[in-house]
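S.K.: Before anything else, here's the structure in question.
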């Protein structure tokens, strides 16, 4: 407590809220490429034009819940599992305090961050809340991980804790602090409706974008909503994000009533003008109750997160964000009780089946030409199917992928291919293994019978490569 009071006292004597971090805190180029939107407006590419497939994890409370050692452990594990983006809250609340007892703000005012000279980690007054953020962000960069930062969680703005003027000051300050770090992506909003405090969100988005035009920015919306509902034409918004959320078909009470069909949001964004990349930034988490709050409900599992992943990507998303309930909150033995009925500590949950399976999707998508890829339901002959039986298809210049969640037969219109023959394989989303089926002439309709019995979670990708 004394340490925090001293920090706040010192901070008042600095020009906080509108000044950059000290030169000691500035970091040189990490070597990571800056990310930008592809020429066709649908994907991310690196500076040299190479495709970038976003495989994200929701590490929401990373900055506040983990110390240096545990933060590095978390980042290293996700790196080894193939992730390349971590979504994190900068301020879960305006009263944010990290594991070291450091307050983020003076009097809970986002326009007045608590900053101190230097950043020495010796348990002294020099290492503050923002220095700890710097440390974690730089560790992520060394591991090839991008940090998607939510400057302030949406509930704080909706509750009136952030004024329009404060949002502008804070946006300029935080963007200036991190504009020289290449591994930054900005997520405006934070589980909120864009029509709540729209002007404040636009002020924050514009302030960040004006100060740091080199990093991409979007809006993280409320569940079963999408950023394009409110900000599709805003100059500060570079790409769209949806939150398909944690409810099942029967629990969805929204007007559009998409339920678990997250591919529907992707189709809407894909067809919009101007074209902007889109992604499901928060689907149902592994290890969380269906509907979120009632722990007596069934918990979402690895089958479900695979379905959300392949449905969204095949329908046009440029990547996918995975989440696990225990990991996003970093539930640990010192916590009184978990949120949402988490059943294991984050150190165990980080190895959950779904978490380890996501890399197979990234590897599959980058195994063929990427930037010419489009969603294409014309490949499917007959009905696409409803709910869990829905078939979804995507194709590039000389290949096609079709995903079934239930292992149902896949009827393919072979006339859609240019070559005389295609080579067919089954791809297993659980382990990334490929099994040859054979070669087929591109005439009429060919039906492919997926391995195993038809049931939820017996999911497969049919790969068709032109010969």
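The values are calculated or read from the model by the stated rules, or taken from the named source; none is laboratory data. The shown structure was predicted, so the numbers you read here are calculated from the model rather than taken from an experiment. Glycine gets a Cβ as well: all are built from the backbone with ideal geometry, and neighbour counts include every protein chain shown.
S.K.: For segment 341-383, which positions are at positive phi and buried (at least 17 other Cβ atoms within 10 Å of the Cβ)? Quick ask: steps written out before the conclusion?
M.R.: Filtering segment 341-383 down to residues at positive phi leaves 341, 382.
Scanning segment 341-383 gives a single hit, 341.
S.K.: On to the next question. Are there strands (runs of 3 or more DSSP E) fully within segment 331-434 with at least 3 residues that are under 25 Å from the mean Cα position of the chain (by Cα)? List them.
M.R.: Per the criteria, 391-395, 399-404.
S.K.: Still on this structure, please answer the following. Scanning for something farther than 25 Å from residue 157 by Cα, at pLDDT 95 or above and outside any helix (DSSP H, G or I), does segment 88-97 turn up at least one residue?
M.R.: Going residue by residue through segment 88-97, those that are farther than 25 Å from residue 157 by Cα are none.
No.
S.K.: Okay, next question. So, in segment 435-467, exactly how many residues are part of a strand (DSSP E or B), more than 18 Å from residue 369 (Cβ to Cβ) and more than 32 Å from the chain's Cα centre (by Cα)?
M.R.: 10
S.K.: For a quick check of your reading of the model, give me the residue pairs whose first member lies in segment 40-54 and is on the phi > 0 side of the Ramachandran plot, whose second is outside any strand (DSSP E or B), with beta-carbon atoms closer than 9 Å and at least 6 apart or on different chains.
M.R.: 41/274; 41/275; 41/276; 41/277; 49/38; 49/39; 49/371
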